[in-house]
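One structure below.
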Amino acid sequence: MFSFLRKSKQAEATPAPVPKKPAPSAAATVPQEPQLASPLAAPAAASQPGEEIVVFESISAEAGSAVEEAAVYYANNMADQALATLSQYLQDYPEKKEMQPWLMLFDLYQVQNNKPAFDELSMQFVVKFERSAPIWKMPATPAATRKIDTAQKEILALGSKLAISPELEKLCLLAQSANEARVDVRDVASVELSGCKLMQEGLSACRKKGKLLQLVGVEHLIDVVKEQIVADGHGTEDRLAWLLLFELYQWLGKEAEYEDLAIEYAVNFEISPPAWEAVKPAQVAAQAKPQTSDQTAAGSETGESFAMRGVISESSQSQLQDLSNYAADKQEVRINLAEVTRVDFVAVGNFMSALINLTQAGKKILILDANEMVQALFLMMGMSEFATLIRKKSR
């Protein structure tokens, strides 16, 4: 991540030593209530590149109570009550810096499609935890699947300066045309804000229409835009360069870099960054590297998992049977819950029984990408005793 923020001299000063407080006596120790835990990343051999195991650290009794109550509400399809419980906790304990209630709230706002509340919480999160907030996920749009016909491809070569020009104006019209296009930005050495705006609008329109583009030299353009932002990118109008950089990251599928930029943007402009949109990018020539058949086969094998979807409820017996069949010839069973919105409280026992049966058969169970609400329910039910929770690595 490249930082656009400036440290104050006060922040660079060496802090004065803090005198140690005497340790409390054993007689003064007050027994604490059993504590629920919040997820914390730790490396482990079971995870694959780009993944981390979810382990748990203790949180306060107050946070644990709110997390557990919200998880039960949500599992019983009472999302509003779950949201109210977590919101009340944040209001009652503003001094506590415990992340799990916040992450669960983000999940609830996402499920309810409440982006304004999500954005407001994002700003509070950045200030409180001094790290990037979760990114709003737009519904995935099917990617265009047609092959590029080089005979019908328009070629747009941008000059040494990214500024308003006939070629750049053509880019904005490509979303309405039937032809594919090759956009060459290798010669761009400097950018104007008006050019940033026009290119961002053109690329955004093409991406949302599923247009297939070849962006040649896009990594070079990213470096040029970064230089512009570092040199003079903090005024209101300078947001146009940032928005182009967000758009380029989306075309390349660089979500981690997008999240890094998002926190800088939120702090610098005190507004929420644009939402990451889960749209598969069109062909980017500068990034294309042919894979051998051996590499392709290895990638599909290591990424294999059983995907479940929707709400896991009492009517999910067929999915559980499919899971059992899938796991029959495997020692390590990876279950992907990225598209599971909720696990019903009545059905969680059936789901756990299916996993216990697999464990008793000597299989190792890994649960991938469960959302925060589902993770909290699983923890409360003791799922971590026989299954390992895995998630994508955070930045």
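Here is a check on your reading of the model: is residue 192 touching a residue at least 24 places away in the same chain (Cβ under 8 Å), over 19 Å from residue 257 (Cα atoms) and touching an Asp or Glu at 6+ places or on another chain (Cβ under 8 Å)? When the stated conditions are applied, residue 192 does not pass them.
Here is the figure for segment 311-350: residues that are under 21 Å from residue 375 (Cβ atoms), of a type outside the set (Asp, Glu) and exposed (fewer than 13 other Cβ atoms within 10 Å of the Cβ) total 2. The residue of segment 370-388 that is farthest from the chain's Cα centre (by Cα), among those that are surrounded by 20 or more Cβ atoms within 10 Å (Cβ to Cβ) and of a type outside the set (A, V, I, L, M), is 378. Scanning segment 360-381 finds no residues that are in contact with a Phe, Trp or Tyr (Cβ under 8 Å, 6 or more places away or on another chain), part of a helix (DSSP H, G or I), of a type in the set (S, T, N, Q) and touching a residue at least 24 places away in the same chain (Cβ under 8 Å). Take residue 390 and decide whether it is modelled with pLDDT of 90 or more, touching a strand residue (DSSP E or B) at 6+ places or on another chain (Cβ under 6 Å), assigned to a strand (DSSP E or B) and of a type outside the set (Lys, Arg). It is false that residue 390 is modelled with pLDDT of 90 or more, touching a strand residue (DSSP E or B) at 6+ places or on another chain (Cβ under 6 Å), assigned to a strand (DSSP E or B) and of a type outside the set (Lys, Arg). Of everything in segment 196-217 that is modelled with pLDDT of 90 or more and among the aliphatic types (A, V, I, L, M), the residue that is surrounded by the most Cβ atoms within 10 Å (Cβ to Cβ) is 199.
Number of residues in segment 180-211 that are of a type outside the set (Gly, Ala, Ser) and either more than 18 Å from residue 251 (Cβ to Cβ) or in contact with a His (Cβ under 9 Å, 6 or more places away or on another chain) (or both): the value is 6.
The values are calculated or read from the model by the stated rules, or taken from the named source; none is laboratory data. Computed from a predicted structure; not experimentally measured. Here the Cβ is made from the backbone with ideal geometry for all residues, glycine too, and neighbour counts use every protein chain on show.
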